[in-house]
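The values are calculated or read from the model by the stated rules, or taken from the named source; none is laboratory data. The structure presented is a predicted model; accordingly, all values stated were derived computationally and were not measured. No Cβ is skipped: glycine too gets one built from the backbone with ideal geometry, and neighbour counts run over all protein chains shown.
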Amino acid sequence: QKEVEQNSGPLSVPEGAIASLNCTYSDRGSQSFFWYRQYSGKSPELIMFIYSNGDKEDGRFTAQLNKASQYVSLLIRDSQPSDSATYLCAVRPGTASKLTFGTGTRLQVTL
Amino acid sequence: DAGVTQSPTHLIKTRGQQVTLRCSPISGHKSVSWYQQVLGQGPQFIFQYYEKEERGRGNFPDRFSARQFPNYSSELNVNALLLGDSALYLCASSTDLNTEAFFGQGTRLTVV
């Protein structure tokens, strides 16, 4: 079992729709969860982080965390073509300060 | 404020050579981490430094080494380069060990 799992996609959504990106993790002691956006050929950009169960909203982005189910998700409302990128889920395990990344989900927002 | 800066941005090396990559963290950040990202994969953790001390090491061979300087900048060294070392090398800085990490633009290393 991979430490952090994401569907590689591509996930295709029409402009203006809600994109839902999902991530599961194996270390039950994980404390911190991050979403990075990575455009092709560029470095990852931090867009959301969440430490507690529940929802956290920032503009068009909402991160959702369910530690009991070991599941974290990212919702993007009113998706725009500029949101087309790979979204990386990263988890900080409970016993270390490194980040463990999934392989990323490629999102395509179509006109 | 300047973000995380890495140099060089691109590099081509021959197998067997050595390479040094450099990173300057965001002002006020004391922790620097290094990651390797190959095409189609998420970044893989190589090292983390905090206050000039190594605080974590990933599953990479001893050919990989790093250090952090008193001004919190960092260098990653890779000896005896292999073709498989071709990747995007990312530096991330954070205020301390367990806070949010921000990446630099990366150094794309090609080994031929």
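Residues of the stretch B:89-112 that are within 10 Å of chain A (Cβ to nearest Cβ) and surrounded by fewer than 21 Cβ atoms within 10 Å (Cβ to Cβ): B:D96, B:L97, B:N98, B:T99, B:E100, B:F102, B:Q105, B:R108. Being more than 13 Å from every other protein chain (Cβ to nearest Cβ), surrounded by fewer than 22 Cβ atoms within 10 Å (Cβ to Cβ), without any contact (Cβ under 8 Å) to a residue 12 or more places away in the chain and touching a strand residue (DSSP E or B) at 6+ places or on another chain (Cβ under 8 Å) is not true of A:G59.
Looking at the stretch A:51-62, can you tell me whether even one residue there is within 22 Å of B:F103 (Cβ to Cβ), over 13 Å from the mean Cα position of the chain (by Cα) and of a type in the set (D, E)? Checked against the condition, which is being within 22 Å of B:F103 (Cβ to Cβ), over 13 Å from the mean Cα position of the chain (by Cα) and of a type in the set (D, E), the stretch A:51-62 yields at least one hit.
Conditions tested, residue by residue: (1) hydrophobic (A, V, I, L, M, F, W, C); (2) in contact with a Phe, Trp or Tyr (Cβ under 9 Å, 6 or more places away or on another chain).
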site	(1), (2)
B:Q6	no, yes
B:C23	yes, yes
B:Q36	no, yes
B:Y49	no, yes
B:K52	no, yes
B:R55	no, yes
B:R63	no, no
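Checked against (1) within 24 Å of B:Q41 (Cα to Cα); (2) within 14 Å of chain B (Cβ to nearest Cβ); (3) surrounded by fewer than 16 Cβ atoms within 10 Å (Cβ to Cβ); (4) touching a residue at least 12 places away in the same chain (Cβ under 8 Å), A:Y51 passes all but condition (1). With a requirement of 1 or more residues that are more than 23 Å from B:H29 (Cβ to Cβ), the strands (runs of 3 or more DSSP E) lying completely within the stretch B:56-112 that satisfy it span B:74-78, B:87-94, B:107-111.
Restricting the stretch B:36-59 to residues that are surrounded by fewer than 17 Cβ atoms within 10 Å (Cβ to Cβ) and of a type in the set (S, T, N, Q) leaves a set whose member that is farthest from the other protein chains (Cβ to nearest Cβ) is B:N59. Test B:T110 against the stated conditions and say whether it is out of contact with any Gly (no Cβ under 6 Å at 6 or more places or on another chain) and at pLDDT below 95. Criteria not met by B:T110.
Among the residues of the stretch B:2-14 satisfying the criterion of being part of a strand (DSSP E or B) and away from chain A (no Cβ under 14 Å), which is nearest to the chain's Cα centre (by Cα)?
Taking the stretch B:2-14 and keeping what is part of a strand (DSSP E or B), we get B:5-7, B:10-13.
After this cut, where a residue has to be away from chain A (no Cβ under 14 Å) as well, the list is B:11-13.
Values: B:L11: 14, B:I12: 16, B:K13: 17 Å.
Only one residue fits best here, namely B:L11.
I'd like the residue in the stretch B:15-35 that is of a type in the set (S, T, N, Q) and assigned to a strand (DSSP E or B) and, out of all such residues, is surrounded by the fewest Cβ atoms within 10 Å (Cβ to Cβ). The extreme case among them is B:T20.
Picking from residues in the stretch A:30-46 that are under 19 Å from A:T62 (Cβ atoms) and within 8 Å of another protein chain (Cβ to nearest Cβ), the one that is surrounded by the most Cβ atoms within 10 Å (Cβ to Cβ) is A:Y36. Inclusion of B:Y72 among residues that are at the interface with another protein chain (Cβ under 10 Å from one of its Cβ atoms) and under 17 Å from B:L90 (Cα atoms) is not warranted.
Of everything in the stretch A:54-83, what is touching a Leu at 6+ places or on another chain (Cβ under 9 Å), among the hydroxyl-bearing types (S, T, Y) and closer than 25 Å to A:T100 by Cβ? Give them in sequence order. Those that are touching a Leu at 6+ places or on another chain (Cβ under 9 Å), among the hydroxyl-bearing types (S, T, Y) and closer than 25 Å to A:T100 by Cβ: A:T62, A:Y71, A:S73.
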